[in-house]
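Asks: Sending over a structure as structure tokens; questions will come in a sec.
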Amino acid sequence: MPTTELTRLVVGLKLRLLASGSGLQTSLRMLAYAVALLVGSGVAAAVILRADRTNASDELMFWLTVLALGWLVTPLLLGGGEATLTVDRFSLFPITVRQLNVAMVGASLIGAPVLGTAIVLGAILGRATDAVSAVVLACCALVMLTTVVVGSRLGIALMSAGLRGRKARDGAALIVAVIAMLAGLAFQLGFFIVEWLTPGRLEAARSVLRWLPFGWTPEAAGRASDGQVVSALPFLGAGTVWLGAVFELWRRTTDRLFTGAATAAAIVIDRRSRIEGVIASVAPPAVEASWMRALRQIRRDPRELAQFAGFMPLIVIMALPSLDLIRQGDPRIVLASSMLGLIVAFTSMNMFGMDGPSFAVDALASGDLTPVVLGKALARATLGIVPVVVGAAGLAAYTGGWHFVIPSVLIATTALLAALAVSVYVTVRYPFVVPEKTMSIGMQGNQGCLPGLMSMIGLFVALVISAPGVAATTAASTLVSALLGTLVGVVSVAYTLWIFVYVVKTSGRWASLHVPEMVEALSFRS
Amino acid sequence: MSIEWAVQVQGLHKCFGDKHAVAGVDLAVPAGTFYGLLGPNGAGKSTTLSMITGLLRPDAGSVMVSGMDVWADPVAVKASIGVVPETLLLFERLSGRELLDYVGRLRRLDRNTVTERREQLLDVLGLTDEADKLVADFSQGMRKKISLAAALLHAPRVLFLDEPFESVDPISVRHIRTLLDTLVHGGATIIFSSHVMATVQSLCDHVTILDHGLVVASGTMAAVCGDGSLEDAFATAVGAENLDAASLSWLAGQRAIEVEADAHD
């Protein structure tokens, strides 16, 4: 089959796939195009309007490089973007890899991000100083557009090849989660970054970036916009060679995918956890089973780890006002360690959700779901108390406030039990499945802001429940004595423990009688 | 002598939107039998099994398993049954051994019993060497086998199997059949859904055929098949028509040309 015909077919396939989405998806896609048009036009206007600034070419070079890097990172953050056209799906057809790569470039040129990028790159022609400079800038725009498209396809193919092993997939998921969080943080700090980019810093950044492959074409564009056409040409040439190299690397990666050279590596569990024996000695079989399984799930599922990592900055921010106390070595700071347990409370509102579709195993193996629910809650409690004890001991060693360690643990236990009681209730009554992969807005299974909202509401209710006990223990410890704080703390724990036990029993009973509803809620069919 | 029923289903209904997936199914499965549940794709087999095993709430109808109402006392019913569902959604991040441990302990078996039975089942099903891999890295056949092991661990009195031999290698199939025979000889009941007619005919002593959510044939294997094969009885029951092969003559094109050329020679 000729390459042109294949390209036509693949482009047609992509258009058909785009058109066959649900009504909501189609609307969102139209919205994406509108946003791309709007944002692209806005940036394009800025590119043209800022042409008179003294450091205009530094600025142009810097932001074009950021654009190129953005295209490389985007497939990582969006989990591959165009899953509909991953190369594996073409491996059975009688076509060469090179033909397929060319066709895929054609298909990749359709999409809102490409539209926005093309508008921005088109605008750099407005920086031309003369006709020759305009031609060079047009070439730069063309090379850059092709490079970013091929680069993103390479990113997807590399992910596809590299992530065939579960270990790699899990590791990558965690890395992506961390990148996404950092990107979110960077986005919020965007204004500060722009402020930070003084002309001197831009020039310094350019002097480094121009020697990196993804900075070559932007450097050529920067120089051409200054009228330095001759000195721009070597960079444009290097950028074109870089495009060829990226294309070739993509072709080879695709070839590896076709021939199965990218092999899977399975994880082997060959040792028994030490904590298993301890748990087995304190809990009946069914509770122990659920407790251990939940701990394994939390340890092995990168989504769980990403959740913990996601809430960590919040806890750090909450602890910031206490920095002065730490600096002064005030022993009362030991009590602040109880806040570490809050991370667990934040992440416990949907304890079945991470492996929701497997809930049928729980439902079939245990008629009474109370032990399952209790085991899950105890796993979270274990994870909550350990950092509190370690944190309290660390702060006590630093400040000498050892007498505050027990009140601190009691405060944390009071809050944790209240939070877990709410978590158990929400988990059982309002379960929802958390997808394995990234879910775009509008896709089935996407929960939008619901998980965060439920966590916040749940935490608020838990705070209301535990507030009297926490406040009384804290006041008794700090205003009277640690001994009184300990006594009040024991009463507080007993109060929230009673609530916890009551909620676990009623929720377990409710779950046992409503298995079909839970199966439905925890499957992707719902 | 009165018959002891393992499963009794009366007037079972289930709708999904406009689709009437199960439209009034009655079933009576005698205890200690190997019972086949057949039907074309979309006939309502899996939906029926899901409702019998308590995973899907029926719109109407009653289900009794070993004399207990599934919806009145689900805890007691689940303690006595084992299920290998059609869609194997297992805990992906447990190893095969850990999964069986988990299920065994959840069923309140003591640790030694779980370990002993787990290793025996892994051995019989040819999974011993792979049992420390995560379930996520299992092949489809291995997932089917580990799911079967989990369903057998507590020696259930009634076992529900939805396509148990799908993707399973022939040696394992042979071992599984021996295992299931042992279970039935011990007095357990197996309700078994499959599309492989030869397997159903060789294993089952009773059979029910569903079509469009209704029972279209039911009884002992001899009564349903008569003098013919189960495949013929199935085709008759669901009203299948023979394919008009002539309409696909292009598939035999090359051979037809050669035959024609030979005839001219």
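Values in this text are rule-based calculations from the coordinates and carry no lab data. Treat the numbers as computed from the prediction; the structure is a model and nothing was measured. No Cβ is skipped: glycine too gets one built from the backbone with ideal geometry, and neighbour counts run over all protein chains shown.
Asks: Fewest first, what order do B:ARG118, B:ARG143 take by the number of other Cβ atoms within 10 Å?
Replies: If I rank by nearby Cβ atoms, fewest first, I get B:ARG143, B:ARG118.
Asks: Now a separate question. Could you please rank A:ILE156, A:ILE406, A:ILE411, A:ILE457, placing first whichever residue has the fewest other Cβ atoms within 10 Å of its Cβ? List each step's numbers first, then the result.
Replies: Numbers: A:ILE156 26, A:ILE406 18, A:ILE411 32, A:ILE457 13.
The fewest-first ordering by Cβ neighbours comes to A:ILE457, A:ILE406, A:ILE156, A:ILE411.
Asks: Please order A:LEU325, B:LEU125, A:LEU31 by the number of other Cβ within 10 Å, starting at the fewest. Before the final figure, lay out each step's value.
Replies: Numbers: A:LEU325 17, B:LEU125 23, A:LEU31 13.
Lowest to highest Cβ neighbour count: A:LEU31, A:LEU325, B:LEU125.
Asks: Moving to a separate point now. Apply the Karplus curve 6.51 cos²θ - 1.76 cosθ + 1.60, θ = phi - 60°, to the phi angles in region A:241-256 and return the couplings in whole Hz, x for Gly and Pro.
Replies: In residue order, the calculated couplings are 4, 4, 4, x, 5, 5, 4, 5, 5, 5, 4, 5, 5, 4, 4, 4 Hz.
Asks: If only Cα atoms are counted, what is the Rg of chain B, and what is its Dmax, in Å?
Replies: Rg and Dmax of chain B, Cα atoms, are 21.2, 78 Å.
Asks: Right, next: In whole angstrom, note down how far apart the Cα centers of region B:163-227 and region A:487-526 are.
Replies: Using only Cα atoms to place each centre, the spacing works out to 40 Å.
Asks: For region A:486-491, take each phi angle, set θ = phi - 60°, evaluate the Karplus expression 6.51 cos²θ - 1.76 cosθ + 1.60, and give the result in whole Hz per residue in order, putting x for glycine and proline.
Replies: The phi angles translate into 5, 5, 4, x, 5, 5 Hz.
Asks: A further question follows. Taking H placed 1.01 Å from N in the peptide plane, check which residues at least 5 places from B:THR189 or on another chain put their amide H under 5 Å from its amide H.
Replies: B:GLY32, B:VAL158, B:LEU159
Asks: Enumerate the amide H contacts of B:LEU214 below 5 Å, restricted to partners 5 or more residues apart or on another chain; note that Pro and chain-start residues carry no placed amide H.
Replies: B:ALA23
Asks: Right, next: So what are the ³J(HN,Hα) numbers for region A:500-509, from phi and the Karplus equation (6.51, -1.76, 1.60; θ = phi - 60°), rounded to whole Hz, Gly and Pro as x?
Replies: For region A:500-509, the Karplus curve yields 4, 4, 4, 5, 4, 5, 5, 5, x, 5 Hz.
Asks: Taking GluC sites (Glu not before Pro) as exposed when DSSP calls them loop (any state but H, G, I, E, B) and at most 12 other Cβ atoms lie within 10 Å, what is the longest stretch of chain B free of them, the sites themselves excluded?
Replies: B:5-240
Asks: A further question on this structure: Three principal axis extents, largest first, for the C-alpha atoms of region B:1-57, in Å?
Replies: For region B:1-57, the Cα extents along the three principal axes come out at 44, 21, 18 Å.
Asks: If you don't mind, there's one more thing I want to ask. Starting from the amide H of B:VAL83, placed 1.01 Å from N in the peptide plane, find each other amide H under 5 Å away whose residue is 5 or more places distant or on another chain.
Replies: Under 5 Å from the amide H of B:VAL83: B:PHE160.
Asks: Report, to the nearest 10°, how far helix B:111-124 tilts away from the longest principal axis of the Cα atoms in chain B, using its own Cα long axis and a range of 0 to 90°.
Replies: So the helix axis and the longest Cα principal axis differ by about 20 degrees.
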